[in-house]
Every structure is written in structure tokens, then in C-alpha cells.
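Shown next, in C-alpha cells, is the structure this report addresses.
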Amino acid sequence: MASKTEEEAAAPLNIFQIISRISDEAGALAKTMEQGSGLKFAFRGIDGVINHLSPYFQKYGVVVIPAVVDKVTSTRELQGGKAITQTDLTVMFTFYAPDGSSVAAQTVGLAQDYADRSAAQAQSVALRVALLQTFFLPTQDKSPEAAGEETQRYIDG
């Protein structure tokens, strides 16, 4: 007969246990200057976040299913007659574990594009936010004190 510890080790993990393990094992995801992004500041883009977490999703059998809850699209004319489309999405991402347990994270994504990609870009933003918040990935940024930044406190009165 297996001991209690062996039985516990063999028991499937629920989604909350898996999220905790992935958060611990994945560790920090630093902000980077992503090549070809055209942005002049460091950030954590969707490709970097997915590449960082994907091995752990595969290891633990996590499946993510998105569902768009709300979508607002508008098109505006800019100077010179050029049009830009903005899409604002609310997306529910449900994370499933192999044991059938699940947890949902609802996030928003906003994107603008001159072609037809604003909806896909808004979905990427929403997914990035859901992953960063669900798995609580630190950036490895220094604390304000270590960076020499002035700290602030609220003054009542």
C-alpha cells in the first residue's frame, strides 16, 4: 500500500496548485526592447510572455480558452483622410487543468490600427495582461529605493 505522501504526490493538481507552481517555477520576466516593435521603451510583449510561460503550460497540461465578452469598434478619420480603426475588447480567459478544474480571468485590450488588425491586437493585449496578472510575473525591476528614485507617501489632511 502506498504511503500518504506517495498518494498525495500521485494526485492530480488542481488549477490553483498549478498556477502557484508555474508562478514559482517561471520566475521573473524582465522588460525588454523587442526588435521590430518600433517602440522606444522596454516592455513585456505578448510573444515574450507566451514564450516564457509556454513550457510550463505544456509541462502541467494547462489549456487556455478565450471568450470575447464585449467588443466596441470605431473608425475615425485622421488628417489627410487616412482612417484608423480602434477596437476595445473585454475578454474572459479560462485556464483549465488536466483534472478539469478551472479559473477565469477577465481583462480588457485596446488597440488601434490603420488596416484590419486592431481586433487581433486588442486580443493580444488582453491575453498578455491576463497571463501577467494570473501568473503574477515580476519584472526583476529594482525597487524605487535601489534605483535611486524618490519614494512617495500619502499625507492626510
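The values are calculated or read from the model by the stated rules, or taken from the named source; none is laboratory data. In this text, all values refer to a predicted model and were calculated from it rather than measured experimentally. Counting neighbours? That spans all protein chains shown, and the Cβs are built from the backbone with ideal geometry, glycine included. Accessible surface is based on the protein model in full, side chains and every heavy atom, while ligands, DNA and RNA are left aside. Shrake-Rupley method; radii C 1.70, N 1.55, O 1.52, S 1.80 Å.
Do we find that Lys40 is closer than 25 Å to Ala122 by Cα, open to solvent by 70 Å² or more (accessible area, probe 1.4 Å) and at pLDDT below 95 in this structure?
yes
Across region 45-72, what is the total count of residues that are over 27 Å from Asp113 (Cα atoms) and open to solvent by less than 80 Å² (accessible area, probe 1.4 Å)? Full working, then the answer.
Start the filter on region 45-72 by keeping residues that are over 27 Å from Asp113 (Cα atoms), which leaves 53-63.
From what is left, the residues that are open to solvent by less than 80 Å² (accessible area, probe 1.4 Å) are 53-57, 60-63.
Selection size over region 45-72: 9.
Would you point out which residue out of Asp70, Asp88, Asp99, Asp113 is of a type in the set (Asp, Glu) and touching a residue at least 60 places away in the same chain (Cβ under 8 Å)?
Among Asp70, Asp88, Asp99, Asp113, only Asp99 is of a type in the set (Asp, Glu) and touching a residue at least 60 places away in the same chain (Cβ under 8 Å).
Taking region 73-116 on its own, how many of its residues are open to solvent by less than 80 Å² (accessible area, probe 1.4 Å), of a type outside the set (S, T, N, Q) and part of a strand (DSSP E or B)? Even if it seems obvious, please write down each step before you answer.
At the first step, the residues of region 73-116 found to be open to solvent by less than 80 Å² (accessible area, probe 1.4 Å) are 73-74, 78, 81, 83-95, 97, 99-105, 107, 109, 111, 113, 115.
Now narrow it down to the ones that are of a type outside the set (S, T, N, Q): 78, 81, 83-84, 88-89, 91-93, 95, 97, 99-100, 103-105, 109, 111, 113, 115.
Then drop every residue that is not part of a strand (DSSP E or B), which leaves 83-84, 88-89, 91-93, 95, 103-105, 109, 111, 113.
Qualifying residue count, region 73-116: 14.
For region 44-80, what are the residues that are charged (D, E, K, R) and under 12 Å from the mean Cα position of the chain (by Cα)?
First, pick out the residues of region 44-80 that are charged (D, E, K, R): 44, 47, 59, 70-71, 76-77.
Arg44, Asp47, listed by residue number.
So Asp70 ticks every box in (1) in contact with a strand residue (DSSP E or B) (Cβ under 9 Å, 6 or more places away or on another chain); (2) assigned to a loop (DSSP other than H, G, I, E, B); (3) acidic (Asp, Glu) but one. Which box is left unticked?
Just one mismatch for Asp70, condition (2).
Among the numbered criteria (1) at pLDDT 85 or above; (2) surrounded by fewer than 14 Cβ atoms within 10 Å (Cβ to Cβ), which single criterion is violated by Ile22?
For Ile22, the exception is condition (2).
Take the residues of region 117-135 that are without any contact (Cβ under 8 Å) to a residue 24 or more places away in the chain and not in a loop (DSSP other than H, G, I, E, B): which is nearest to the chain's Cα centre (by Cα)? Break it down into steps so the answer makes sense when it comes.
Taking region 117-135 first, the residues without any contact (Cβ under 8 Å) to a residue 24 or more places away in the chain are 117, 120, 129.
So of that shortlist, the ones also not in a loop (DSSP other than H, G, I, E, B) come out as 120, 129.
Details: Ala120: 15, Val129: 3 Å.
Step by step, filter region 117-135, then rank; the result is Val129.
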